[in-house]
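A short write-up of the structure that comes next.
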2 protein chains.
Amino acid sequence: MCSGCYSIAHRNQALHNLRAQYQGMTKAAAVSKTKKTTGTASGRRKLVDIRKDNSEQILRVAEQVFSERGFKGTTISAIADAAELPKANILYYFKSKEGLYKAVLVDLLQGWMHHMDDMTADQHPREALRNYIVSKIRQSKEHPNASRIFAAEVLHGAPFLREQLEGPLKEQFERTCGVIRSWVAKRWMDPVSPEHLMFMLWSSTQSYADFEVQSSILLSRDALEEADYNEGVELITRVVLKGCGVSLV
Amino acid sequence: MCSGCYSIAHRNQALHNLRAQYQGMTKAAAVSKTKKTTGTASGRRKLVDIRKDNSEQILRVAEQVFSERGFKGTTISAIADAAELPKANILYYFKSKEGLYKAVLVDLLQGWMHHMDDMTADQHPREALRNYIVSKIRQSKEHPNASRIFAAEVLHGAPFLREQLEGPLKEQFERTCGVIRSWVAKRWMDPVSPEHLMFMLWSSTQSYADFEVQSSILLSRDALEEADYNEGVELITRVVLKGCGVSLV
DNA sequence: TCATCTATTGACCATTTGGTCAGAAGGTGG
DNA sequence: CCACCTTCTGACCAAATGGTCAATAGATGA
């Protein structure tokens, strides 16, 4: 299984280049940005730092606002206000609203696909599935906005993400399905459909981010709490492992 | 368990009244609309029919457009074009874009909550859960747009649906959790968290509507096919029943 | 038929919003 | 210190859009 082409480092580089194309930056800046110059200068700030800091600040704020209001519902002014920068400055760093949105998408897709390759054929599904569920729920808890933007994007036909889904994600998906199939072949689990099992894992774990509002209302909370996520992990792990006939030794 | 107040008939009436308040209609029309006058007159169309037909036409089209583009992304013009009516006419029937959206929401919430009360304490979870999963997946297949609008609404904090979630849905949810708890008490299934089991059922079945684009790409299809939904039912039913320790006799 | 109510619609408007631009301010390297 | 980048920003603008309105056409019921 050639997974070399999908090493984190390699993927990061690809995503970085992709992102650069959505940002408005000079060639010099595009180059210097790859240097890891994270100095928090106090007096005279370096141009390199200014660009880095502001870009990241804008991306952070944009993720928040996009997740709350969706692409169309988000105004550049809203992002500008939240980032405490003038609107024109946002458009100086990112050529357009669409460019900013795509940059946010590319950033978060990285996190979204991150844990799938942790499942390998040599692991026992007991640990592999458990770890995957834990990772996904943790991500729902710690990066709910990323999950929500992703969900909204897919919900509306993935106009900006189609390519990514058809390429990298699909390949990773098929690799992971292969892993599951190998577990089945080894009689480590029942012969279930790997594809639909993945759908079930994704949806049930992501719902703790995407539908948090609904869940917390139904559980009579202001927001989901640590214990709720743990119960989610517990329930999903139990049902999936036992339901797939994975020995719980 | 007093479920009388939640009979379909009663709930329909409540939803009908709620919907009337979002529409622009005269008192006379509001009354006459309750009469079931579905005549497809050929010569001189009755006012009652005109209003009914146009309202329903607009709601149907609006559901489609809202699901594709979201609330903010939808323009009244787009709905007007799709419904082949002038924009001003849409606003004659529904006072505002928000009013139309709420009317669509109220309509679809009905379908969304519909099947939960089919699970009762006297049934065995084997049949009850299986039927519920079948119903939910069928709904994902036959009314994907309703599901997507609902998902997008919750995703963005349920600004228009909060009340409905806190009221009717929550009560129904708690009733259903009670049913599951009674199954556990009878040793018909393992002691799992009813709340989180419901979350799992909802998310895994709804994903066949909400994430259809993603699923179909990953399955190398243009769109999900009959067989895919069936495999989904099969996988979810199997995993949930076995995973909850429900005897499959 | 006629007075009255309802339905239809083109023209219009105020606001919002994504995006541009010129010029000022600040950093860089020699 | 200077010539040259890069960054910053207020002022603008054109297009899109939700919503209004007055006038016309059609339906109703006595």
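Assorted remarks:
- 1.4 Å probe, heavy atoms, protein only - residues of segment A:143-167 losing at least 50 Å² accessible area vs chain alone: A:Val154, A:Leu155, A:His156
- Computed with a 1.4 Å probe on the full set of protein chains, the accessible area for A:Arg162 sits at about 100 Å².
- Placing R0 at 45 angstrom, the Cβ-Cβ distance between A:Gln57 and B:Arg162 gives a FRET efficiency of 0.90 after rounding to 0.05.
- Remark on segment B:224-249: accessible area falls by at least 20 square angstrom from chain-alone to full-complex state for B:Glu231, B:Leu235, B:Arg238, B:Val239, B:Lys242, B:Gly243, probe 1.4 angstrom.
- Separation of the B:Asp81 and A:Arg187 label points, Cα + 7 Å toward Cβ, nm: 6.1 nm
- Partners of A:Lys95 within straight-line reach, counting aspartates and glutamates whose Cα lies under 20 Å from its Cα and excluding those fewer than 8 residues away in the same chain: A:Asp49, A:Asp53, A:Glu56, A:Glu63, A:Asp81, A:Glu84, A:Asp107.
- Per-copy distances of the A:Glu226 label point, shortest first, in nm (7 angstrom along Cα→Cβ): 5.2
- Remark: segment B:65-73, residue by residue, has Karplus-estimated 3J(HN,Hα) of 5, 4, 5, 7, 10, x, 5, 5, x Hz, where x stands for each Gly or Pro and the curve is 6.51 cos²θ - 1.76 cosθ + 1.60 at θ = phi - 60°.
- For the rotation carrying B onto A, the chain B residue whose Cβ lies nearest the axis, with the distance in whole Å, reads B:Gly243, 1.
- Cross-link pairs beyond the 27 Å C-alpha cut-off, checked among A:Lys72/A:Lys141; B:Lys46/B:Lys87; A:Lys170/B:Lys141; A:Lys186/B:Lys186; A:Lys136/A:Lys242; A:Lys97/B:Lys141: A:Lys186/B:Lys186; A:Lys97/B:Lys141
- Measuring between their Cα centroids, segment B:53-107 and segment A:105-141 lie 40 Å from each other.
- Using the 1.4 Å probe convention, the accessible area of segment A:161-249 works out to 37 Å² per residue with neighbouring protein chains retained.
- Whether segment A:115-243 is rounded, prolate or oblate, judged on the alpha carbon gyration tensor where a/c under 1.5 counts as rounded: oblate
- Each chain gives up part of its surface: B and A jointly bury about 5000 Å² of accessible area, both sides summed, for a 1.4 Å probe.
- Residues along segment B:43-79 losing 40 Å² or more of accessible surface when the other protein chains are present rather than the chain by itself (probe 1.4 Å): B:Lys72
The values are calculated or read from the model by the stated rules, or taken from the named source; none is laboratory data. Since this is a predicted model, take the numbers as computed values, not measurements. Counting neighbours? That spans all protein chains shown, and the Cβs are built from the backbone with ideal geometry, glycine included. When the accessible area is computed, the model is the full protein with side chains, heavy atoms only, and any ligands, DNA or RNA have been set aside. Shrake-Rupley method; radii C 1.70, N 1.55, O 1.52, S 1.80 Å.
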